[in-house]
Each structure stands twice: as structure tokens, then as C-alpha cells.
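Throughout, read-outs are computed from the coordinates displayed, never taken from laboratory work. Computed from a predicted model, the values in this text were never measured in an experiment. Backbone-built Cβ (ideal geometry, glycine too); neighbour counts: all protein chains shown.
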Amino acid sequence: MFQKILIANRGEIALRVICAAKDLGIKTVAVYSEADRHSLHVRFADEAVCIGPAKSARSYLDIPSVISAAEITNAEAIHPGYGFLSENDRFAEVCGMSGIKFIGPTPEVTRMMGLKQKARQVMKEAGVPVLPGSPEALTSAEEALDYAAKIGYPVILKAAAGGGGRGMRVVHSAEELPNLLAQAQNEAGAAFTVPDIYLEKYIGAPRHIEFQVLADEHGNVEVLGERECSIQRRHQKLIEEAPSPVMSPQLREETIAALKKALKAIGYRNAGTVEFLMDEQGKLYFIEVNARIQVEHPVTEMITGIDLVKSQIRIAAGERLEDILEGPIRLNGHAIECRINAEHPETFAPCPGKITGLNLPGGIGVRVDTAVYTDGVIPPYYDSLVAKLIVHGRDRTEAIARMKRALDMFVVEGIYTSIPLQRKIMDDEDFASGNFDTTFIARKLASIQKH
């Protein structure tokens, strides 16, 4: 086992990794920007190194600075968390060249999964259903028009190397395709430095369902069930739960079997998430692999009892899944997570600032993952996540009741947060019955906000 690891991240995920490392008796090194000098991950790590100014390009995304921090502190491994460098294959490569273990997939697999059309081909060959689309990045508007005509409108343009809704455009007719393709390419190039765009069939009102995977370095793969992530705004997840209220045992088993085959074939290692869209007929279609830990991983932890971050570290240290998991995967009860963001609950405008008052909810079945504190500051330079509020119940009804109670007791003063919107969603009849899809917030926002 490692003696010391460096955490190449900040905020709640950095604290989450510190907790897992402490459980394993491993010392930790925090890195921080000048804006995060007073952050809790700096306080609770065993060592801390400032790696640059506030802007992430000159701190958390600066590979030489992160590697230097690991070298001067004699860290044997680096956990990247999510975001920042977590899916940067070059960073994983440099870690290896520097004699530092990267706690995540290999650079080759990360590179392959980052190219979404390549990932689609791998999954298709393993029997995982994929949406009809272009097999490679589009080379011209004419090629895009040919594929769209074969598939049928509407279609969606997606950035081959991206996510989070950037470089994405829905196309309803041939007339608008060339212009929207140019827009998507420009946006993808600015956001990801790679302007490649591919095309696939568009499902208008899908459910967004993802499967959590763990794979060791000995060729073993396990799938820890699925998460429902359909409550989104602007392609960003707001509420997640596990298991999905619409997943049948048969579909779960079939999907798990296909994923194990696909991930073994590509030599996948460590943690990852395979994302799908579900159409109105209940059929799943693969969309992408996130080769890292996800923001919403706690809901899987709550229903399986498996610490995913500890598992990541143990896998990277060479341990086998059979020793880490200690038996078959069992899904117990129901878990829901609300991402508490520093944003206006009606406009979704970011709301950085100083937290003047704070009360975190507790009680049975309630977990809060956060790095905020009274008089702490949510800086404007990074994502707007304040906390992740996770609840667990015997069933979905109890989990919703606990989430309502926890949201009512969650007080954040000094900034706007998403709590009022999430509290109203919990009261919505369609949400309570499991009758929703990714268009839920867009369709219901006005009526939800009135109540």
C-alpha cells in the first residue's frame, strides 16, 4: 500500500479523498491555488503545497506544478478526483514517466474513451447498444448532411473530446445543419482544443442512466448497478439517485454482462462510469465513458456499502477486486443526491461569495460531502458546487422523505443556492412517481417555481 498520495484537486472531492486515505492509514498532500489558501482540504491534509494563482490554468491544470509538488513531498501516487486533470491522458502519462502512480485508468484507455466515436465503436463491438451515428468525426458539412439524411432528423452534434453540453447542437432540418455544425466546431475547439464533431440520432426526451464500474489491474471487472441522472438543467446534473426507478432486473443484468465484456476487452482499470440514454420504449443506448470517479458516486456507495474512493486507491496499489469487494454486489434500499450549487434557483446564474451562516443537516440516513464553512468563500474561479447532500432509505419513498427533511434543515446564508428549487422538485408528483426525463426542469420550471 502507498505511504503517501497527492490529491490533484480541490473542494469536496479533495476532502473525500483525504477521508479515504486516512481510513487506509495513508498520508496525504494537498495542492492549492492562492484563492484556496484557507480551504479545508489544505487544513486537513498532512502536507499542502501552493501550486499557483487563482486561475486553474496556472494552478490545478498546470501539470509541471502538480508533478513538482508530488516530487518534493515524495508522494508515491496522485489521485486526480473529477474535473481538472482527471481525464487528461497526458497527465496520466507524465505521472508514469515520473515514477508516480496515477490512480485511474491507463493513458491509452483514457485517450480511447475520450474520443467518443472510438468509444462508441468499442462498445458496439462488445454488444452494447449505441445510437445510429457517424463512425468518425465529421470532415465536412456535406458528410454531415449525408449521415443525417440516412439516420433521419432530428440529429445531435456532439464534441468528440468534450462533455457538459459544450460543442453540442440539436439539428431539426438540413437547412440549419451547416451553420450549427460550424458553431459546434468553434465551441468545441475553444473548450477542448479539439474541434472534432460527430453526429448521432437525437432522442428528444430521454432518461439519463449511468453504470458504475470498478476494474482491477488483473483483468477483473465489476459493475455496481446504475444511477438515474435525468434531473438536469443545461445538460448539468442537479439530482441523482440509485437505483433507477425504471430499471428492470433483466435489463440491468443484460447491460452489466455487456459492459463487463467491453471493459475487459479494452483493458479498463480503476473506476469509471458508462453513460446511457433510455428512450421512451425503455431501450438503453450508450453515449460515453467517464474514465474517473463521478460527482454522484456517493449514491452508489450508499446502496452497495462499498467505498469507491478507497477501492480506487486499493486497485492502484495492485489489490484484486475479490479482496476489495469481499463478495457479490448487492443493492440495498434507495439513495438520492442533490448537488447544492452556489447559483440562483430560478436563473441558474452563478453566485460566488462569502458564506455568512451555515447549518448542515444530519440524522439517520443523511450524508453531506462538502468543504464549506461559516465565513468561508465560494470563489468565482471554479465550479459552483457548495455541497452534495445524500440520503439513504429502505425504499425510494423513504429516501424522498429524508431528502425533504434534510433540505429543510440545510441553511446557507450569504449566497443563493439551488436548495429552494430542489426542495420543490421533491414535492412534484411526477418526480415522486418516477415519471420524468431529461426535459423535466425545462418543462416544469415555471410551474415548480410558482409553488
message: Quick check for me: using +1 on Lys/Arg Cβ and -1 on Asp/Glu Cβ, what's the dipole size of the chain about its Cα centre, in debye to the nearest 20?
response: 460 debye
- prompt: By how many nm would the segment from A205 to K283 lengthen if fully extended, with 0.36 nm per residue of separation less the alpha-carbon distance?
  reply: 26.8 nm
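Determine the dipole magnitude for the range 132-201: charges of +1 sit on the beta-carbon of Lys and Arg, -1 on that of Asp and Glu, nothing else is charged, the reference point is the Cα centre, and the result goes in debye to the nearest 20.
On the way: 5 positive and 9 negative charges, 54 e Å.
Result for the range 132-201 is approximately 260 debye, rounded to the nearest 20.
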- prompt: Could you give the nm distance between label points at Y373 and A54, where each point is 7 Å from its Cα heading toward the beta carbon?
  reply: 2.1 nm
statement: What the Cα atoms of the range 207-450 span along the principal axes, largest first and in whole Å, is 50, 41, 33
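Tell me the mean residue ellipticity at 222 nm calculated for the chain from its helices only (DSSP H runs of n ≥ 4, each -39500 (n - 2.57), averaged over every residue, nearest 500). Mind dumping the intermediate values first?
Details: 16 runs with 161 residues, N = 451.
About -10500 deg cm²/dmol.
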message: Between Y381 and S140, what is 0.36 nm times their sequence separation minus the Cα-Cα distance? Round to one decimal in nm.
response: 83.2 nm
statement: Once both label points are put 7 Å beyond Cα along the C-beta direction, the E71-K354 separation in nm becomes 4.0 nm
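Indicate the helices, whole DSSP H runs only, in the chain that combine a mean Kyte-Doolittle hydropathy of 0.5 or more with a Cα extent along their long axis of 24 angstrom or more.
None clear 24 Å together with a mean of 0.5.
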field: Per residue convex hull volume, Cα atoms of the range 132-201, in Å³
entry: 68 Å³
query: For the pair I63 and K264, what calculated FRET efficiency results from E = 1/(1 + (r/R0)^6), where r is the Cβ-Cβ distance and R0 = 22 Å, to the nearest 0.05?
result: 0.15
statement: Filtering GluC sites (Glu not before Pro) in the range 171-216 by DSSP loop and by at most 14 other Cβ atoms within 10 Å leaves E175, E176
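Largest first and in whole Å, give the semi-axes of the chain's equivalent ellipsoid, each being the square root of 5 times a Cα gyration tensor eigenvalue. All intermediate terms of the calculation are to be shown ahead of the outcome.
Numbers: eigenvalues 192, 150, 112 Å².
That gives 31, 27, 24 Å for the three semi-axes.
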- request: Would you please give the FRET efficiency between E254 and Q121, computed as 1/(1 + (r/R0)^6) with r the Cβ-Cβ distance and R0 = 30 Å, to the nearest 0.05?
  value: 0.90
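Compute the FRET efficiency between E326 and E217 as 1/(1 + (r/R0)^6), taking r as their Cβ-Cβ distance and R0 = 22 Å, and round to the nearest 0.05.
Numbers: r = 18 Å, r/R0 = 0.82.
The value I calculate is 0.75.
Using the Cα gyration tensor of the range 49-109, with a ≥ b ≥ c the square roots of its eigenvalues, what is the shape: rounded (a/c below 1.5), prolate (a/b larger than b/c) or oblate (neither)? Could you put the intermediate results ahead of the total?
Working: a/c = 2.00, a/b = 1.23, b/c = 1.63.
It is oblate, given that a/c is not under 1.5 and a/b is not larger than b/c.
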task: Quick one: P(r) of the range 4-103 from all Cα-Cα pairs, 5 Å bins, percents rounded to integers, in order of increasing distance.
output: 3, 15, 29, 28, 18, 6, 0
